[in-house]
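Visitor: Supplied in structure tokens, the structure appears directly below.
The values are calculated or read from the model by the stated rules, or taken from the named source; none is laboratory data. No experiment lies behind these values; they were computed from the predicted model shown. Because the Cβ atoms are built from the backbone with ideal geometry, glycine has one as well, and the counts that use them run over all protein chains shown. Heavy atoms of the whole protein, side chains included, go into the accessibility calculation; ligands, DNA and RNA do not. Shrake-Rupley method; radii C 1.70, N 1.55, O 1.52, S 1.80 Å.
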Amino acid sequence: MSLKIIWDRYILGKMIDFNKTGFDFDSAGEGMYHIISALYPICRSITGEGVRQTLNFIQQHLPLQQVEVPTGTPVLDWVVPKEWNIQDAYVKNHHGEKIIDFQQSNLHVLNYSIPVHKTLPLAELKPHLFSLPEYPNWIPYRTSYYQENWGFCLQHQRLESLEDCEYEVYIDASLTEGALTYGECVLPGATTDEVLFSCHCCHPSLCNDNLSGLALMTWLAKYLSASSRRYSYRFLFIPGTIGSITWLSRNEAQVPHIKHGLVVAGVGDSGPLTYKKSRQGEAEIDRVVSHVLHHSGVPYQLQGFSPYGYDERQYCSPGFNLPVGSLTRSPFGTYPEYHTSADNLDFVSPEALAESLEVYLAVVDVLEHNHTYLNTHPYGEPQLGKRGLYDRMGGKQTTPESRMALLWVLNLSDGTHSLLDIAERSHLPFGVIKQAAQALAQTDLLV
Amino acid sequence: MSLKIIWDRYILGKMIDFNKTGFDFDSAGEGMYHIISALYPICRSITGEGVRQTLNFIQQHLPLQQVEVPTGTPVLDWVVPKEWNIQDAYVKNHHGEKIIDFQQSNLHVLNYSIPVHKTLPLAELKPHLFSLPEYPNWIPYRTSYYQENWGFCLQHQRLESLEDCEYEVYIDASLTEGALTYGECVLPGATTDEVLFSCHCCHPSLCNDNLSGLALMTWLAKYLSASSRRYSYRFLFIPGTIGSITWLSRNEAQVPHIKHGLVVAGVGDSGPLTYKKSRQGEAEIDRVVSHVLHHSGVPYQLQGFSPYGYDERQYCSPGFNLPVGSLTRSPFGTYPEYHTSADNLDFVSPEALAESLEVYLAVVDVLEHNHTYLNTHPYGEPQLGKRGLYDRMGGKQTTPESRMALLWVLNLSDGTHSLLDIAERSHLPFGVIKQAAQALAQTDLLV
Amino acid sequence: MSLKIIWDRYILGKMIDFNKTGFDFDSAGEGMYHIISALYPICRSITGEGVRQTLNFIQQHLPLQQVEVPTGTPVLDWVVPKEWNIQDAYVKNHHGEKIIDFQQSNLHVLNYSIPVHKTLPLAELKPHLFSLPEYPNWIPYRTSYYQENWGFCLQHQRLESLEDCEYEVYIDASLTEGALTYGECVLPGATTDEVLFSCHCCHPSLCNDNLSGLALMTWLAKYLSASSRRYSYRFLFIPGTIGSITWLSRNEAQVPHIKHGLVVAGVGDSGPLTYKKSRQGEAEIDRVVSHVLHHSGVPYQLQGFSPYGYDERQYCSPGFNLPVGSLTRSPFGTYPEYHTSADNLDFVSPEALAESLEVYLAVVDVLEHNHTYLNTHPYGEPQLGKRGLYDRMGGKQTTPESRMALLWVLNLSDGTHSLLDIAERSHLPFGVIKQAAQALAQTDLLV
């Protein structure tokens, strides 16, 4: 692995005891890729059996609670929609040949299509066909959740070659009273203050958006379940928009406990890591992710909040205004493969997934250890030599960087600076500041 | 018209009903140029008949009140000076030829010259002659308001050619007890909060500085008199420095009502629009003008406040500290034609005047509509579809920009953000934000 | 002298009456260089006779109080160490030749070496020898204050040429109960608010670090002792680290009087002036030095605070958090001559010392005159003409700069802006603002 994250495994390892849990960090990328591969064939939507199958699979890894919210339940300004399920769908030409076949790709059906079975001429079929002229070999992904419609998505090349004849269209789908399903996993910590991770679980055969998010969040939860935790951690696997609205509607009492949060999506492609800040803009999570990325050694970009995107739109709506950002790789909508059949198993890689996971773990590491200490000897510099800290620290020879970290922690630990404040002001990575603080806390100098 | 101001006529038109008032925006530039042409020949000074003739002409367009303040009246730290009037002036050589003639250009006389009639040799005349060696064909504009003196301004070329003989100098002027005259027009609005526009009316035959200011302010007042107004608007046509000091001295009770203001000058030349901020620096007027210029599509520059310039010096003196900036084109003193006979009818153009007026109108538009709304459904995003706002707004197909504007207005309308705040944060032009807010205010989502 | 400091001698001279005191500013550089030359041969350490001899010499120039603090006295988290004195030291080879001789350079002995006299083979000697492979002709400067040891420093070239034989090592030093000595000079001013200047007086034959600091501080104190003073001034000549800790420990009641301070070191080399800000970062001293350097016309650099460096580490420890920065030329550790025998009399120059002193004096000038005035005529601009300030000021013709300074002082003297605030906002040098304020204060306009 060629990751350059400055929080090396030794430092992360102090929080997460890999040996004890049996996790092998090197194989995490492969493990996440395996989850994506297993979930890829399932036809998901914002409701229905596809979601339940997906959550069942993840439940093999995590103690996941599945929640069912009945159709018609009012949730904030919305109402839980009917449940959608689909068995089969095709379009046959006048020779009886299936020219579009749901069994070949579940993207072929307009997601949330109503059932249909009829024969009609090409001219009447065309308004129900969707393609991408710029990418004639790719199938687009389209939905019609809140406006009843039926349709097929197909390669533009194939659309162009359609003969002017009668076609049999068949969609064996149902839109019925049922439920919206989401998955929730809570890892209690030393405090009831929570860190929220949320990913959308509603897209059919699309890998980066957002099977990569499901996979990363599963492994992140696995790691954290085996480590000691200052914070409680909540992992939400929910359908986009309506899912977060439903969860927020049902958990108003829980919301104030959320101190930090990230929306997890698009973490498997080869693009640079991208952090979109929370609406608050200078929340601790915003500063933590910026700091981690700054010192990560990998390319990245920072973006201000905007009310368009993934479920951070809901968490950051003005009534909640939660400190929830979104950490992805290539931002949604900026790459041509987005919402097409080209967002497939070739578009994501174990290496990119592992790098993303490592950054998420580094973020958690900072959140967990971002304490505010107090220098007990604030008048003048304390004498480090007599406490064995002059040229050794934690049993190791000090470096110029670790010596500076000792001085910075002592100088700024006046009760108003957290370790992150100190890391930012000193331009040293948090891990180095954290180690200095831990060494000092073992003497009488820091409490 | 090739203006690129993003507040197109449709948007401005909603505030100002051109059809109803009969105003034709396209002809505004010509109309303003016409005013400049008519006022150009008049010999103005800080007092006297020239000012009265000028205000009489403007009164044909506006309900202008002329105010006379007697000589000797104490005004703040100053005293209203004697009134100056002039009938004729010349210098004759020993052949009896008029080599300098007030009738050819009123710039030839040192403004506020005392009367004189005598014959004297060139050596004694020279200290009373003023010219511009760098621009030998131009007549400079000079004044001596507060130190009694007489003099002539002339082309340097002509000065150089003067023979060493006796000259007859004649200035038929009077400096007597009289009055300082200024014009005032108030358009009451829905509130007594005021927007102040102020221009100096004291320069003789100079077009950009400041007949352009008089012309623009006249048309601005005409437009606003025919529109509905949230604010009251006050237009001051006053002699520079002593005029604003006199007005401030006589209207102390009125001063606290001034919420925004602009000093109007030099708006007819071809230079880039220039905004000089108020002393406050971040007042609403400063942010509004910056925003309008940023989105205007035309070149512009921003300058910090400085206590040198036009009458903003008085409005921004520390005791008043009003939020009054100055919006000009080329800043005073930065172009060679400034305060010379070259600031003539060729130096200003209808196109530049119209562009300046449009920016002033856009500024007024933002001030008038910069409300702070409240999202009534702040928990999660409200469902736009069921309110007919998902893909249509105000009867028109939404654009990506107008959809983003809807989301931004909903997200930031938490009672602490004005529409200008939202426009600044979203990097969208105010007009787009305003339209989104108006569409939302027609539903139950925004109050 | 080719100094370009904008506070010319005329302005500085108003504070310091050179004629009266008989000081000749031009000879200041030579005077400081002379002090360095005289003190160069003395072997100083953090305690001992070398410090006393040095302070005795400075006492010829200044009313310096010498303070003796006994060995074993607890000072903050430290304890005053034993006193170190040395008479002689050498290493002889088996021919009886002195190959290292303390009499040739006091840098040859590891500072604070314990006494030793024995014969030992090269292999056993080598761990006690220190050299600089990169600069084979220079002797490094090394210390071992808080860990008992003995050793010799020598040219790497000489180290390399040592034969593999027996050597006689001899250090006639003593480490005994005694005292730590420091010098203190206080010049009382109109108020008990203090400006602190502190330099370290503990390095043996090293010129820039820090005989230059001792020399500059001596001359600075001489100048200030002959001038009127708003502030009281305190000058500390102390051993590094333990000296400032000792002073702070013994003067806790005095500490709150320190309103501004500078640590003086490394002011004689040819590098650019460098200001390291106080921990507060935006203290008045930080703004003053930045302003002076900005307008000085000489190259300079600004650095944020860091808890590593000279005695500002102690003054800026969190318990004290004093507004004390450090104004040097080349920063410590950034030049190869640092802490070597190459930091000799050739490495410093009268010109650099004089330029540094002038900047220190300019800083003092700003501190002394940084008053906050009140414009008594804040409504509108006051009429300058009737007060003789329109085109003359202090008996001299005004310049465009001085006229702007008058307007800025009037405009911003609303009780919330100091003269430094006005200088910063107007981008004019403090000296010009100061002169304008003084001219206005002689009228009824400013109090």
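Visitor: Condition test on C:Tyr360, is it more than 12 Å from every other protein chain (Cβ to nearest Cβ) and either open to solvent by 20 Å² or more (accessible area, probe 1.4 Å) or free of Cβ contacts under 8 Å to residues at least 24 places away in the same chain (or both)?
Guide: Details: more than 12 Å from every other protein chain (Cβ to nearest Cβ): yes; either open to solvent by 20 Å² or more (accessible area, probe 1.4 Å) or free of Cβ contacts under 8 Å to residues at least 24 places away in the same chain (or both): no.
Answer is no for this residue.
Visitor: Return a yes/no flag: does the range A:89-100 have any residue that is under 24 Å from A:Thr241 (Cβ atoms), out of contact with any Leu (no Cβ under 9 Å at 6 or more places or on another chain) and not hydroxyl-bearing (Ser, Thr, Tyr).
Guide: We begin by selecting, within the range A:89-100, every residue under 24 Å from A:Thr241 (Cβ atoms); these are none.
No: the range A:89-100 contains no residue that is under 24 Å from A:Thr241 (Cβ atoms), out of contact with any Leu (no Cβ under 9 Å at 6 or more places or on another chain) and not hydroxyl-bearing (Ser, Thr, Tyr).
Visitor: Further, regarding this structure: Find the residue count for the range B:103-123, including only residues that are open to solvent by 20 Å² or more (accessible area, probe 1.4 Å) and either of a type in the set (Lys, Arg) or in contact (Cβ under 8 Å) with a residue 60 or more places away in the chain (or both).
Guide: Residues in the range B:103-123 being open to solvent by 20 Å² or more (accessible area, probe 1.4 Å) and either of a type in the set (Lys, Arg) or in contact (Cβ under 8 Å) with a residue 60 or more places away in the chain (or both): 4 in total.
Visitor: Would you be able to tell me the number of residues in the range B:295-340 that are of a type outside the set (Phe, Trp, Tyr), within 30 Å of B:Asn137 (Cα to Cα) and in contact with a strand residue (DSSP E or B) (Cβ under 8 Å, 6 or more places away or on another chain)? Walk me through it before giving the result.
Guide: So the first thing to find is which residues in the range B:295-340 are of a type outside the set (Phe, Trp, Tyr), and the list is B:295-299, B:301-304, B:306-307, B:309, B:311-314, B:316-319, B:321-331, B:333-334, B:336-337, B:339-340.
Next, only the ones that are within 30 Å of B:Asn137 (Cα to Cα) stay: B:309, B:328-331, B:333-334, B:336-337, B:339-340.
Now restrict to residues that are in contact with a strand residue (DSSP E or B) (Cβ under 8 Å, 6 or more places away or on another chain): B:309, B:328-331, B:339-340.
Residues that pass the stated criteria total 7.
Visitor: Could you list all residues from the range C:177-194 that are aliphatic (A, V, I, L, M) and buried (at least 24 other Cβ atoms within 10 Å of the Cβ)? Working first, answer last.
Guide: Looking only at the range C:177-194, we keep the residues that are aliphatic (A, V, I, L, M), and these are C:179-180, C:186-187, C:190.
Answer for the range C:177-194, where residues must be aliphatic (A, V, I, L, M) and buried (at least 24 other Cβ atoms within 10 Å of the Cβ): just C:Leu180.
Visitor: Pairs please, first residue from the range A:427-439 and closer than 17 Å to A:Leu293 by Cβ, second anywhere and among the polar types (S, T, N, Q) and not in a helix (DSSP H, G or I), Cβ atoms under 9 Å, 6+ apart in sequence or on different chains.
Guide: Listed pairs, sorted by first residue: A:Phe430/A:Asn370; A:Val432/A:Thr399.
Visitor: Quick check on B:Trp84: is it modelled with pLDDT of 95 or more, open to solvent by less than 20 Å² (accessible area, probe 1.4 Å) and outside any helix (DSSP H, G or I)? Break it down into steps so the answer makes sense when it comes.
Guide: Values: modelled with pLDDT of 95 or more: yes; open to solvent by less than 20 Å² (accessible area, probe 1.4 Å): yes; outside any helix (DSSP H, G or I): yes.
So B:Trp84 passes the test.
Visitor: Test of understanding: among C:Leu206, C:Leu175, C:Leu196, C:Leu214, which residue is over 15 Å from the mean Cα position of the chain (by Cα), more than 14 Å from chain A (Cβ to nearest Cβ) and aliphatic (A, V, I, L, M)? First the steps, then the outcome.
Guide: Numbers: C:Leu206 fails: over 15 Å from the mean Cα position of the chain (by Cα); C:Leu196 fails: over 15 Å from the mean Cα position of the chain (by Cα); C:Leu214 fails: over 15 Å from the mean Cα position of the chain (by Cα).
Result of the check over C:Leu206, C:Leu175, C:Leu196, C:Leu214: C:Leu175.
Visitor: Report the residue count in the range B:295-314 for those that are out of contact with any Asp or Glu (no Cβ under 9 Å at 6 or more places or on another chain) and either part of a helix (DSSP H, G or I) or of a type in the set (D, E, K, R) (or both).
Guide: 2
Visitor: Same structure, new question: Filter the range B:39-71 down to the residues that are within 18 Å of the chain's Cα centre (by Cα) and among the hydrophobic types (A, V, I, L, M, F, W, C) and list them by number.
Guide: Of everything in the range B:39-71, those that are within 18 Å of the chain's Cα centre (by Cα) and among the hydrophobic types (A, V, I, L, M, F, W, C) turn out to be B:Leu39, B:Ile46, B:Val51, B:Leu55, B:Phe57, B:Ile58, B:Leu62, B:Leu64.
Visitor: Can you tell me which of A:Pro272, A:Pro318 is more than 29 Å from A:Thr192 (Cα to Cα), touching a Pro at 6+ places or on another chain (Cβ under 6 Å) and either of a type in the set (A, V, I, L, M) or modelled with pLDDT of 95 or more (or both)?
Guide: Numbers: A:Pro318 fails: more than 29 Å from A:Thr192 (Cα to Cα).
Exactly one of A:Pro272, A:Pro318 is more than 29 Å from A:Thr192 (Cα to Cα), touching a Pro at 6+ places or on another chain (Cβ under 6 Å) and either of a type in the set (A, V, I, L, M) or modelled with pLDDT of 95 or more (or both), namely A:Pro272.
Visitor: Further, regarding this structure: Take B:Trp138 and decide whether it is modelled with pLDDT of 95 or more, out of contact with any Phe, Trp or Tyr (no Cβ under 9 Å at 6 or more places or on another chain) and crowded, with 19+ Cβ neighbours inside 10 Å. Before the answer, list the steps.
Guide: Working: modelled with pLDDT of 95 or more: yes; out of contact with any Phe, Trp or Tyr (no Cβ under 9 Å at 6 or more places or on another chain): yes; crowded, with 19+ Cβ neighbours inside 10 Å: yes.
So B:Trp138 fits the description; yes.
Visitor: Scanning for something in contact with a helix residue (DSSP H, G or I) (Cβ under 8 Å, 6 or more places away or on another chain), among the charged types (D, E, K, R) and more than 24 Å from C:Cys201 (Cα to Cα), does the range C:279-292 turn up at least one residue? Explain how you work it out, then say what you get.
Guide: Taking the range C:279-292 as the starting set, the residues that turn out to be in contact with a helix residue (DSSP H, G or I) (Cβ under 8 Å, 6 or more places away or on another chain) are C:279-280, C:284-285, C:287-289, C:291-292.
Of the ones still in play, those that are also among the charged types (D, E, K, R) are C:279, C:284, C:287.
Now drop any that are not more than 24 Å from C:Cys201 (Cα to Cα), which leaves C:284, C:287.
The answer is yes; a qualifying residue exists.
Visitor: Sticking with this structure for a sec: When B:Val348 is evaluated against the numbered criteria (1) surrounded by 23 or more Cβ atoms within 10 Å (Cβ to Cβ); (2) within 14 Å of chain A (Cβ to nearest Cβ), which criterion, by number, is the only one it fails?
Guide: (2)
Visitor: Here's a follow-up. Identify the residue in the range C:404-441 that is more than 13 Å from chain B (Cβ to nearest Cβ) and not in a helix (DSSP H, G or I) and, among all such residues, is surrounded by the most Cβ atoms within 10 Å (Cβ to Cβ).
Guide: Applying the filter and picking the extreme gives C:Pro429.
Visitor: Right, next: Filter the range A:379-403 down to residues that are more than 8 Å from chain C (Cβ to nearest Cβ), outside any helix (DSSP H, G or I) and either closer than 26 Å to A:Ser228 by Cα or not hydroxyl-bearing (Ser, Thr, Tyr) (or both), then give me how many there are.
Guide: Matching residues across the range A:379-403 total 10.
Visitor: Now for a separate question. Would you mind finding the one in A:Phe130, A:Phe152, A:Phe197 that is among the aromatic types (Phe, Trp, Tyr) and open to solvent by 30 Å² or more (accessible area, probe 1.4 Å)? It would help to see each step written out before you state the result.
Guide: Numbers: A:Phe152 fails: open to solvent by 30 Å² or more (accessible area, probe 1.4 Å); A:Phe197 fails: open to solvent by 30 Å² or more (accessible area, probe 1.4 Å).
Criteria check complete, one pass: A:Phe130.
Visitor: Given (1) touching a Phe, Trp or Tyr at 6+ places or on another chain (Cβ under 8 Å); (2) open to solvent by 20 Å² or more (accessible area, probe 1.4 Å); (3) within 30 Å of A:Gly50 (Cα to Cα); (4) more than 14 Å from every other protein chain (Cβ to nearest Cβ), where does A:Leu302 come up short, assuming only one miss?
Guide: Result: A:Leu302 passes all but (3).
Visitor: If we scan the range A:70-81, do we find a residue that is more than 14 Å from chain B (Cβ to nearest Cβ), buried (at least 18 other Cβ atoms within 10 Å of the Cβ) and not small (Gly, Ala, Ser)?
Guide: no
Visitor: I need the full set of residues from the range C:205-231 which are surrounded by fewer than 20 Cβ atoms within 10 Å (Cβ to Cβ) and either assigned to a strand (DSSP E or B) or of a type outside the set (Ser, Thr, Tyr) (or both), in order please.
Guide: Hits for the range C:205-231 are C:Lys222, C:Ala226, C:Arg229, C:Arg230.
One line per residue, one yes/no per condition, for (1) more than 30 Å from C:Pro204 (Cβ to Cβ); (2) touching a Phe, Trp or Tyr at 6+ places or on another chain (Cβ under 7 Å); (3) open to solvent by less than 10 Å² (accessible area, probe 1.4 Å); (4) within 14 Å of chain A (Cβ to nearest Cβ):
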position	(1), (2), (3), (4)
C:Cys316	no, yes, yes, yes
C:Thr340	no, yes, yes, no
C:Ser356	no, no, yes, no
C:Leu367	yes, yes, yes, no
C:Leu374	yes, no, no, no
C:His377	yes, no, no, no
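Visitor: While we're looking at this one, here's another question. Take B:Gly281 and tell me if it is out of contact with any strand residue (DSSP E or B) (no Cβ under 8 Å at 6 or more places or on another chain) and open to solvent by 10 Å² or more (accessible area, probe 1.4 Å). Walk me through it before giving the result.
Guide: Numbers: out of contact with any strand residue (DSSP E or B) (no Cβ under 8 Å at 6 or more places or on another chain): yes; open to solvent by 10 Å² or more (accessible area, probe 1.4 Å): yes.
Taking the combined requirement at face value, the residue satisfies it.
Visitor: Restricting to the range A:152-183, name every residue that is assigned to a loop (DSSP other than H, G, I, E, B) and either in contact with a strand residue (DSSP E or B) (Cβ under 6 Å, 6 or more places away or on another chain) or aromatic (Phe, Trp, Tyr) (or both).
Guide: Within the range A:152-183, the subset assigned to a loop (DSSP other than H, G, I, E, B) is A:154-155, A:161-165, A:177-178.
Selection gives A:Leu154, A:Gly178.
So that you can scan it fast, the table gives a plain yes or no per residue for (1) of a type outside the set (Ser, Thr, Tyr); (2) modelled with pLDDT under 95:
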{"site": "C:Leu353", "(1), (2)": "yes, no"}
{"site": "C:Ala362", "(1), (2)": "yes, yes"}
{"site": "C:Leu374", "(1), (2)": "yes, no"}
{"site": "C:Leu384", "(1), (2)": "yes, yes"}
{"site": "C:Ser402", "(1), (2)": "no, yes"}
{"site": "C:Val409", "(1), (2)": "yes, no"}
{"site": "C:Asp421", "(1), (2)": "yes, no"}
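Visitor: I would also like to ask the following. Hey, among B:Asn93, B:Asn56, which residue is in contact (Cβ under 8 Å) with a residue 12 or more places away in the chain and either more than 14 Å from every other protein chain (Cβ to nearest Cβ) or surrounded by fewer than 19 Cβ atoms within 10 Å (Cβ to Cβ) (or both)? Step through it out loud before you land on a result.
Guide: Details: B:Asn56 fails: in contact (Cβ under 8 Å) with a residue 12 or more places away in the chain.
Answer to the check: B:Asn93.
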